[in-house]
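**Student:** Okay, here's the structure, questions in a sec.
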Amino acid sequence: MFWMFFVALAQVVGEGQQGWQPNPELVKKLSERRPDVIYDEAKVPTYTLPDPLVCLDGTKVMTPELWRSKRRPEILELFRTHMYGKAPIGKPGEMTFEVFDLDKNALNGKATRKQVRILFTGKPDGLSMDLLIYLPNDVKRPVPVFLLLNFFGNHAIHPDPAIRIKPVWFKGEKITPSEDSRGRDRSIPVERILARGYGIATAYYGDIAPDFPGTFQHGIFAAFDKLFGEKRPPDAWGAISAWAWGLSRVLDYFEVDKDIDAKWVVVLGHSRLGKTALWAGAQDERFAIVISNNSGCGGAALSRRRFGETVAIINSAFPHWFCENFKRYNDRENELPIDQHMLVALTAPRPVYIASADEDLWADPRGEFLAAKFADPVYKLLGKEGLPTQEMPALNQPVMGTIGYHIRSGGHGLTEYDWERYMDFADKHFRQNR
């Protein structure tokens, strides 16, 4: 098909390689350090991407109706079967919420702070997740909210002494953090987010499932894997799917909190949690905007490019992130029936933003951009603007259509520059539609 041919031809002749270019010295340094890893664009193999607008039976998707009724469900099932795995349950019927902290004069009167315990099984001594919420006091209720999981515990995102400290996972064991660990995670600029008129909500990802190969004995897996039967099937959910499931449970809470506009929630994630945000947004269409920050392999970066981190590398280093079926594609990316442009397309017609970092070649910035670019035909089919460029933009020059993209200076991280662009993107779409 022409579109598939175009992708393969584009890779050969270097289409899409204008604008940003990686630092040659960095490419050389990284290539010498890891000669087994592709950091040089000239070494990227020729590949052909599967067409998101052609069904498995060869039917061409020419209408929004056919996308909705046939191709989108088909792609979702392919990702569940071959990559992220299937969750054994949706919203648990027994799940309950407990607001254990409410301060309408938090942060020197700037915010209302809420802390909510989400009891996944409804039992006080069962598995639960603490949700930390700050809402600006000077805006009309209900408030649009940014939602993301955090890596180190809720107490680490702000020095507010009222944030409850809970045990966190460290090297396979649970430990209770010290008081001096409050506010050590600088990746969420709470006051700036509030000043822009948005609420911020976060939960510790380890409350859902710990992040190590033994995770299937703990957390949400221990609570619900029994629904699979005696043995986990090869398409059973991995940790990314579990974390995404947890994000949807937060949205369940938002729907009963009158201070939060549950129809205008931005789900965001960095690195492995960027992969998680994309998968959460793909499955749960209640999320209004989906944002992926430096998500790389298994997130926004095209697998077939084999640039930086590859399927084989990620499955070796993090065997618990994806379903067992995904390991079949180690060093066999071209056999995947999907690639990550199709994951981005699953957000359509809702806005989606992909972000890269100049020095984060491990995450393949160009592959992340190309995934955004080749999701564009689906957005166009659905009557949306899509990505407003055909060429990768220059450094620190964001582009914002219904698909947004930027590559910023610096390395792997979630920075204030990223946040400002994400809030600009939310402003653009919430003003148009809210």
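The values are calculated or read from the model by the stated rules, or taken from the named source; none is laboratory data. Computed from a predicted structure; not experimentally measured. Backbone-built Cβ (ideal geometry, glycine too); neighbour counts: all protein chains shown. Surface accessibility is based on the protein's heavy atoms, side chains included, excluding ligands, DNA and RNA. Shrake-Rupley method; radii C 1.70, N 1.55, O 1.52, S 1.80 Å.
**Student:** At R0 = 60 Å, how high is the FRET efficiency between Asp57 and Lys110 if r is their beta carbon distance? Nearest 0.05 is fine.
**Tutor:** Efficiency for this residue pair is about 0.60.
**Student:** Counting only heavy atoms of protein chains, what accessible area per residue, in Å², does segment 295-434 have with a probe of 1.4 Å?
**Tutor:** In whole numbers, segment 295-434 has 29 Å² accessible per residue.
**Student:** Quick check: at a probe of 1.4 Å, how many percent of the accessible area of segment 313-352 sits on carbon and sulfur atoms?
**Tutor:** 49 percent
**Student:** What distance in nm separates the two pseudo spin-label positions at Arg141 and Phe228, each 7 Å out from Cα along the beta-carbon direction?
**Tutor:** Going by the 7 Å Cα→Cβ label model, 4.2 nm.
**Student:** Across 10 Å bins from 0, what is the distribution of all Cα-Cα pair distances for segment 240-368, in whole percents?
**Tutor:** Each 10 Å bin holds this share of Cα pairs: 14, 43, 31, 10, 2.
**Student:** Straight distance only, please: which lysines reach the Cα of Lys28 with their own Cα at less than 18 Å, same-chain residues fewer than 8 apart left out?
**Tutor:** Within reach: Lys43.
**Student:** Averaged per residue, what accessible surface does segment 15-55 expose to a 1.4 Å probe, in Å²?
**Tutor:** That works out to 56 Å² for each residue.
**Student:** Next up: Taking every pair of alpha-carbon atoms in segment 207-263, give the share separated by more than 14 Å as a whole percent.
**Tutor:** Distances greater than 14 Å cover 60 percent of the Cα pairs.
**Student:** Identify which of the listed values of semi-axes √(5λ) of the Cα gyration tensor in Å was calculated from the structure shown: [x] 41, 28, 25; [y] 69, 22, 17; [z] 33, 24, 22.
**Tutor:** Looking at semi-axes √(5λ) of the Cα gyration tensor in Å for this model, the match is [z].
**Student:** Let me ask something additional. Just subtract the alpha-carbon distance of Lys70 and Gln432 from 0.36 nm times their residue separation and send over the number in nm, one decimal.
**Tutor:** Full extension from Lys70 to Gln432 adds 127.4 nm.
**Student:** If you don't mind, another one. Note down the accessible area of Asp418, probe 1.4 Å, to the nearest 10 Å².
**Tutor:** About 0 Å², ignoring ligands and nucleic acids.
**Student:** Arrange the peptides 249-259, 82-92, 161-171 so that the one whose residues have, on average, the most other Cβ atoms within 10 Å appears first.
**Tutor:** Most protected by this proxy first, the peptides run 82-92, 249-259, 161-171.
**Student:** Just need log10 I(q)/I(0) for segment 352-434 at q = 0.23 Å⁻¹, Debye formula, equal scatterers on the alpha-carbon atoms, no solvent, rounded to two decimals.
**Tutor:** -1.12
**Student:** Can you check what the net charge comes to around Ser303, using other residues whose Cβ is under 15 Å from the Cβ of Ser303 (Lys, Arg +1; Asp, Glu -1)?
**Tutor:** +1
**Student:** Given springs between every Cα pair under 10 Å in a Gaussian network model of the chain, which of Met62, Met342, Met423 has the largest fluctuation?
**Tutor:** Between Met62, Met342, Met423, it is Met62 that shows the largest mean-square fluctuation.
**Student:** Follow-up. Output the pairs from Lys60/Lys380; Lys263/Lys428; Lys258/Lys384; Lys86/Lys226; Lys60/Lys86 with a Cα-Cα distance over 19 Å in this structure; if there are none, say none.
**Tutor:** Flagged as over cut-off: Lys258/Lys384; Lys60/Lys86.
**Student:** Give me the number: length gained by fully extending Arg332 to Thr176, i.e. 0.36 nm times residue separation minus the C-alpha to C-alpha distance, one decimal in nm.
**Tutor:** Extra length available between Arg332 and Thr176 comes to 51.9 nm.
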